[in-house]
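I have placed the structure first, in the form of structure tokens, so that the comments after it can refer back to it.
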Amino acid sequence: MRVNKDQFIEDFVNKLVSKRGKKIKEANLLDKYYALASLTRDYIAEYWVNTNERYLKDNKKQIYYFSMEFLIGKLLISNLMSLGIKEVCEDGLKDLGLDLNEIAEIEKEPGLGNGGLGRLAACFSDSMATLGIPGYGVGIRYKYGLFQQKIMEGYQEEFPDQWLKYENAWEIKRPSESVEVKFGGNVIITQKDNRLKFVHENYESILAVPYDIPIVGYKNNIVNTLRLLSAEVMDKEFDYYHFNKGEYTKAFEDKYNTEAISYVLYPDDSYEKGKILRLKQEYFLVSSGVQSIVESFKKSGKHLKEFYKYVSIHINDTHPALAIPELIRILIDEEGFGWDEAWKITKHTISYTNHTIMAEALEKWNVDMIKKFLPRIFMIIEEINERFCKELWNTKYNGDFDKISEMAIIADNQIKMAHLAIVGSHSINGVAKLHTEILKRKELKEFYNIYPEKFNNKTNGISHRRWLLKCNPKLASVISEYIGPSWIDSPESLMNLLEFKKDPCFKEKIYKIKQYNKNKFANMVKEKYSIEINPNSIFDIQAKRIHEYKRQVLNVFHIMHLYNKLLENPNLDIYPRTFIFAGKAAPGYYIAKETIKLINSLGKKINNDYRIKDKLKVLFIEDYNITLAELLMPAADVSEQISTTTKEASGTGNMKFMMNGAITIATLDGANIEIANEVGEDNIIIFGLKAKEVLEIYKNNTHNSIDIYNEDIRLKTVMDELINGFLPVSMDEFKGIYDSLLKDNDKYLVLKDFCDYVRAQEKIDKLYRNKSKWLEMSVTNIAYSGKFSSDKTIEEYAKEIWGAL
Ligand code: 26W
């Protein structure tokens with residue numbers, strides 16, 4: 001868009017008055033933020049309206065991306081950039097004596113997700129808008145996002161994330177587009193004109209109220225929509241009878257019970273058994289979403305028979321898989337379709353992404369629960385299951401009861417959501433090549449056998465606009481200086497940087513920018529934690545959810561090993577290193593929480609030990625979120641991607657670090673493999689077991705952690721230090737971690753990979769000393785990172801899954 005500085009200043013000053021009732025002199029930071037955000041939204045509005053109008057006219061396929069999580073991050077700066085007016089605003093504010101970054105910082109980030117899956121949904125939304133694909137995000141407007149993490153005495157403590165405490169400047173509430181979602185009750189079956197009719201009775205109604213957030217395409221005048229739904233009571237806000245008797249809690253009980261549906265995001269990245277509220281959230285999302293889609297489709301005047309030609313519904317993991325029976329329900333019960341046609345429309349409309357092979361994250365719902373809360377949906381799932389099992393019987397698996405019950409959607413009184421998603425959709429994709437192969441050859445082998453055409457791979461990607469252009473403006477500008485700005489629209493042209501990988505002047509610039517970003521980070525650490533870190537040390541960062549399979553403990557063991565070596569010989573030539581951790585642990589995940597305590601205890605010991613002459617520092621930065629990630633990625637020298645091979649479906653942090661010039665130390669897991677293939681083995685440090693070896697170990701049960709413990713004295717020392725009082729905690733504090741590794745035989749093969757990890761880390765120590773070589777590696781990583789832009793991924797989804805380009 002076009003706005004000049006004077007116009008902007010006038011608009012801003014007026015906005016302060018109209019929105020906040022203040023003149024600049026009296027306005028505080030919050031006033032300034034809300035005025036600026038509100039003005040930005042006004043600027044966006046025109047494009048938003050036009051985009052919607054165009055989409056309506058164009059008759060193009062509409063993509064609805066259903067996700068229980070969206071981690072969009074702060075929006076002010078990125079919206080200004082997308083509008084192309086960031087510089088003008090910055091200048092204008094400067095004239096008024098204000099600082100854009102200071103104002104932008106005060107924005108509260110909507111933490112509506114746990115990790116990778118939620119951030120992926122946000123990067124995809126950004127890419128769809130930028131590519132001009134009519135894409136809508138559909139999610140829940142949780143009143144409280146993922147908990148805020150505080151570290152107290154080294155432990156994680158959780159606090160509610162009150163991101164809506166003031167107001168959300170970006171959203172527009174649309175009460176008139178609310179829809180009713182029904183829970184409970186019973187279904188009456190009658191017969192009319194030779195057809196069964198299903199009438200849902202005695203249900204409880206909940207209102208789903210939409211809030212729309214603009215998703216601004218990058219300098220293309222397109223604004224897509226993220227629709228977040230909030231639960232409200234249908235009509236009766238409270239009960240006067242109880243109120244008059246002074247029973248206030250009772251009077252408001254219904255309201256709270258209803259609204260609780262959209263109160264809190266489940267802070268867990270594994271499936272929690274039997275959580276009714278979670279089931280209600282999932283149905284609330286899909287029922288309101290699918291109803292609205294069908295309604296708006298009908299308004300277009302086209303026949304519902306053609307629904308799938310104009311609408312794609314994508315489900316982000318199985319969490320929204322009830323979209324399948326819900327669409328069938330609407331088509332049959334409300335629109336009068338017969339089963340066969342409803343089934344065909346549904347299957348052609350829905351596609352599904354699998355994000356994990358971890359058994360504990362595969363959703364299974366208890367039959368009785370679904371029957372009780374979603375009686376009609378249950379009938380439909382039963383029908384799908386019956387027809388599917390018949391199909392198996394009549395085609396491939398005649399007489400093979402075991403196979404059929406293994407593949408059934410309903411078995412052992414449970415509904416397997418992954419099976420439902422596979423049977424009821426036309427496409428199933430994994431999120432990196434290895435992951436997809438494992439799905440096809442192992443986890444979902446039986447389904448791949450009968451539906452090979454449904455399976456495909458879509459390696460994840462990240463928005464290079466947020467993860468380079470926005471979060472590392474200095475790097476972005478040097479890149480543009482050397483290869484021109486075309487990489488912003490076509491990220492693969494970052495490859496042109498390869499020409500300069502040996503150019504000393506360019507490399508020096510890259511070095512200086514890294515130092516600048518490291519200093520910025522070090523200043524934050526000093527201010528917030530009163531810890532001095534050496535900006536000339538290697539910044540080695542592991543930032544992600546805390547989980548055993550991600551193996552933060554392997555990282556810790558290596559640090560302890562280095563520390564032991566230094567204690568033995570304080571003059572040992574170790575390149576100074578700052579080990580930085582960030583990430584949240586699920587509140588109920590004991591070992592993960594102990595891991596946080598372990599990192600902090602180690603930090604306490606090492607950071608205060610004068611004997612090692614500041615050669616090592618260990619930091620745990622609390623409350624990892626998108627905003628912190630935007631500070632961390634640009635400051636990293638080393639990116640830790642050390643999951644047990646086969647366990648990390650893809651990873652996307654790996655891509656963000658690489659794009660900012662960090663060197664990756666990694667197992668050949670998830671997208672690490674594809675990163676390694678791009679940059680070549682000289683530009684990434686690979687260690688550890690290969691997928692085949694890991695699968696074999698699991699199959700034949702050949703890992704024996706005690707043997708390794710006894711054989712490797714370095715490991716034995718480190719492990720004993722967990723429980724012998726070496727760390728400043730009680731002796732049994734880390735017994736749980738210790739036992740999981742020895743008694744429970746180290747499920748994630750930490751001990752098995754330790755030796756090779758140490759070797760890989762030594763290689764890093766050596767390489768970093770060769771500044772010229774290191775910078776060459778760094779440039780090479782940036783150059784190849786364009787391959788991992790979500791623009792490219794989304795293009796593939798659009799062409800190969802949605803049929804939308
Ligand atoms: C049922 C609750 C629940 C919630 C979240 C179950 C499972 C999850 C996930 C496992 C969440 C997740 O974030 N998975 C990650 O998805 C990323 C995007 O595809 C991948 O890059 C990561 O490897 C994968 O762990």
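Residue pairs whose Cβ atoms lie under 8 Å apart, separated by 6 or more positions or on different chains, with the first residue in the range 420-447 and in contact (Cβ under 8 Å) with a residue 40 or more places away in the chain and the second surrounded by fewer than 20 Cβ atoms within 10 Å (Cβ to Cβ) and of a type in the set (Gly, Ala, Ser), are Leu434/Ala691; Ile438/Ala691. Tell me, yes or no, whether the range 507-518 has at least one residue that is in contact with a Pro (Cβ under 7 Å, 6 or more places away or on another chain), open to solvent by less than 20 Å² (accessible area, probe 1.4 Å) and polar (S, T, N, Q). Within the range 507-518, one or more residues are in contact with a Pro (Cβ under 7 Å, 6 or more places away or on another chain), open to solvent by less than 20 Å² (accessible area, probe 1.4 Å) and polar (S, T, N, Q).
Which members of the range 573-594 meet the condition of being in contact (Cβ under 8 Å) with a residue 12 or more places away in the chain and more than 28 Å from the chain's Cα centre (by Cα)? Answer for the range 573-594, where residues must be in contact (Cβ under 8 Å) with a residue 12 or more places away in the chain and more than 28 Å from the chain's Cα centre (by Cα): Ile574, Tyr575, Pro576, Arg577. Restricting attention to the range 643-650, does a residue exist that is more than 16 Å from the ligand (Cβ to nearest atom), of a type in the set (Asp, Glu) and assigned to a loop (DSSP other than H, G, I, E, B)? No: the range 643-650 contains no residue that is more than 16 Å from the ligand (Cβ to nearest atom), of a type in the set (Asp, Glu) and assigned to a loop (DSSP other than H, G, I, E, B).
Every residue, every condition in (1) of a type in the set (D, E, K, R); (2) assigned to a helix (DSSP H, G or I); (3) closer than 30 Å to Met658 by Cβ, yes or no:
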{"residue": "Thr702", "(1), (2), (3)": "no, no, no"}
{"residue": "Ile706", "(1), (2), (3)": "no, yes, no"}
{"residue": "Gly736", "(1), (2), (3)": "no, yes, no"}
{"residue": "Asp746", "(1), (2), (3)": "yes, no, yes"}
{"residue": "Phe754", "(1), (2), (3)": "no, yes, yes"}
{"residue": "Asp765", "(1), (2), (3)": "yes, yes, yes"}
{"residue": "Lys773", "(1), (2), (3)": "yes, yes, yes"}
{"residue": "Glu776", "(1), (2), (3)": "yes, yes, yes"}
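For the range 618-643, the set of residues classified as out of contact with any strand residue (DSSP E or B) (no Cβ under 7 Å at 6 or more places or on another chain) and crowded, with 24+ Cβ neighbours inside 10 Å consists of Met633, Pro634, Ser643, listed by residue number. Screening Asp340 against (1) away from the ligand (no atom under 16 Å from the Cβ); (2) buried (at least 21 other Cβ atoms within 10 Å of the Cβ); (3) in a helix (DSSP H, G or I) leaves a single unmet condition, (2).
Figure legend. Inter-residue proximity from the range 701-714: first residues over 19 Å from Met560 (Cα atoms), second residues open to solvent by less than 80 Å² (accessible area, probe 1.4 Å) and part of a helix (DSSP H, G or I), beta-carbon distance below 6 Å, spacing 6+ or different chains. Indicated pairs: His703/Ile697. Within the range 59-90, being assigned to a loop (DSSP other than H, G, I, E, B) and within 16 Å of the ligand (Cβ to nearest atom) holds for Ser67, Met68, Glu69, Leu71, Ile72, Gly73. Just to be sure I understand the filter: pairs with C-beta atoms under 6 Å, separated by 6 or more residues or on different chains, first member in the range 343-363 and within 17 Å of Glu548 (Cβ to Cβ), second member part of a helix (DSSP H, G or I) and open to solvent by 60 Å² or more (accessible area, probe 1.4 Å). Which pairs pass? Close Cβ pairs satisfying both conditions: Ile357/Glu443. Scanning the range 787-805 for residues that are in a helix (DSSP H, G or I), farther than 12 Å from Ser463 by Cβ and either of a type in the set (A, V, I, L, M, F, W, C) or in contact with a helix residue (DSSP H, G or I) (Cβ under 6 Å, 6 or more places away or on another chain) (or both) yields Lys787, Ala798, Ile801, Trp802. Taking the range 390-421, which residues are among the basic types (Lys, Arg) and surrounded by 19 or more Cβ atoms within 10 Å (Cβ to Cβ)? Within the range 390-421, Lys416 is the sole residue that qualifies. For the range 465-507, a tally of residues being outside any helix (DSSP H, G or I) and more than 20 Å from Phe788 (Cα to Cα) returns 2.
The values are calculated or read from the model by the stated rules, or taken from the named source; none is laboratory data. Bear in mind the structure is a predicted one, so any value in this text is a computation, not a measurement. Counting neighbours? That spans all protein chains shown, and the Cβs are built from the backbone with ideal geometry, glycine included. The accessibility values were calculated without ligands, DNA or RNA, using every heavy atom of the protein model including side chains. Shrake-Rupley method; radii C 1.70, N 1.55, O 1.52, S 1.80 Å.
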